[in-house]
Amino acid sequence: HPLSVAPLESADEVQTYASIKAQGIELPLTPCKIDILLNEGDTIAVGDLRLKVWHTPGHTPGHLSFKMGNLLFSGDNIYKDSCVGVIDAHHGSNLPHFIDSLKRILRDDAEFLLPSHGPVFRRDPRIIQKAINRLTQYQSMADFGTCATSWPLLDEWERDVCEGRMPEFGQA
């Protein structure tokens, strides 16, 4: 996908997840020249097989999935336990886009999902919805840092301070 070209051609170890310091992951990455771009709606021919390209951003800006008949090669979008690929704004993750990609998978008629890690599994709307619900909640959680889109608790605190409402310290 065009959004993946610059990180791959420049060997950006952060954007490509080759370096995840918190997990001790440091993979050597060599710059590579991209000569074929894949976009939403393209078709890839592999022998007699045809894979339809889906742009499914969220995990990364250029994340792709591939539909072939009743199979969806879902990449890092969703795993059998309803977990998703790493979410980290420093690596380019985007929660609203991730949720939109999961909703697309939820609406699709694929029978089986083939994630990039872990076992193939039968598409179960409950698994996908559980991930959507969790990521939706993450958007308003302070401990989700730079991926959060709002922090209602901070808004509440600022309103209280501006309106002169302070806690009653020392009273039970």
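The values are calculated or read from the model by the stated rules, or taken from the named source; none is laboratory data. Keep in mind it's a predicted model, so treat the numbers as computed, not measured. All Cβ positions, glycine included, derive from the backbone under ideal geometry; neighbour counts span all protein chains shown.
What do you reckon, is Leu29 over 30 Å from Arg122 (Cβ atoms) and in contact with a Cys (Cβ under 6 Å, 6 or more places away or on another chain)? Judged against the criteria, Leu29 is not a match. Against the criterion of being surrounded by fewer than 20 Cβ atoms within 10 Å (Cβ to Cβ) and either touching a residue at least 40 places away in the same chain (Cβ under 8 Å) or on the phi < 0 side of the Ramachandran plot (or both), Leu114 qualifies.
Scanning segment 124-133 turns up one or more residues that are over 18 Å from Ser74 (Cα atoms), modelled with pLDDT of 90 or more and not in a loop (DSSP other than H, G, I, E, B). Could you tell me whether any residue of segment 103-117 is modelled with pLDDT under 95, in contact with a helix residue (DSSP H, G or I) (Cβ under 9 Å, 6 or more places away or on another chain) and not aliphatic (A, V, I, L, M)? No.
Of the strands (runs of 3 or more DSSP E) lying entirely inside segment 1-77, those carrying at least 3 residues that are surrounded by fewer than 17 Cβ atoms within 10 Å (Cβ to Cβ) and either at pLDDT below 90 or over 18 Å from the mean Cα position of the chain (by Cα) (or both) are 43-46, 49-55. Of the candidates Asp143, Asp160, Asp100, the single residue that is modelled with pLDDT under 95, among the acidic types (Asp, Glu), part of a helix (DSSP H, G or I) and surrounded by 11 or more Cβ atoms within 10 Å (Cβ to Cβ) is Asp160.
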